[in-house]
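Worksheet: one structure, shown below.
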Amino acid sequence: MNQHEIDKIAALIYAAPLGEYIGRDGAAILAERAGCVRRLQDKEYLYRKDETTNSFYIVSEGRLALIKETSGGDQVLHVLEKGDLVGELSFIDQMPHNLGVMALGNATVLCFSADGMRPLITEHPELVYNFMRAVIKRVHSVVAAVSAQQMALEQYISTGAKGRG
């Protein structure tokens, strides 16, 4: 990657919710570690439930959906927008993904591999700590959003599908 591309990625990272935790310097360091750019077509999966990946991603264009894959069809649980992190929990704990992630329209993500990120633990420990804080905040917000959606659905069902109240 040339310096112009790195600067463009750094600006995206800094403008994203992650930027509030890692600052401009952290965004520049992460941008240098971006392993690749992956383009997804509409309805293409970034990964599926139970797959293991060695990367986390930042949405750089378009939208992605967290998908619960069932025999009755795919259910969208949450929509990710430009700047959102995706795959960060499996990146950290190396466990298979609990949900699939699918593009809603064409989308692009920045990929960050474990091999590219691991040296930051000793080179920039405060950056890694602040990254972890951002991950935890995102997890809390997604859990809250999914819980609110589930409660709304339960309310809708309990009223005989006639809406609220």
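No value in this document is a laboratory result; all are computed from the given coordinates. These numbers come from a predicted model, not from an experiment.
Things worth noting here:
- The range 68-128 and the range 1-32: distance between their alpha carbon centers, rounded to Å: 17 Å
- Candidate lysines - alpha carbon under 21 Å from K137, same-chain residues fewer than 8 apart omitted: K82
- Overall form of the chain per C-alpha gyration tensor (a/c, 1.5; a/b vs b/c): prolate
- Set of aspartates and glutamates with alpha-carbon distance to K68 below 15 Å, sequence-local pairs under 8 removed: E44, D50, E51
- Of A28, A145, A16, the residue with the greatest mean-square motion in the GNM of the chain, using alpha carbon springs below 10 Å, is A145.
- Highest mobility in the GNM of the chain, judged by mean-square fluctuation with C-alpha springs under 10 Å and restricted to Q150, Q94, Q75, is found for Q150.
- Relative pair counts by distance (%), Cα atoms of the range 53-113, 5 Å bins: 4, 20, 27, 25, 18, 6, 1
- Between the Cα long axis of helix 125-158 and the first principal axis of the chain there is an angle of about 10°, rounded to the nearest 10.
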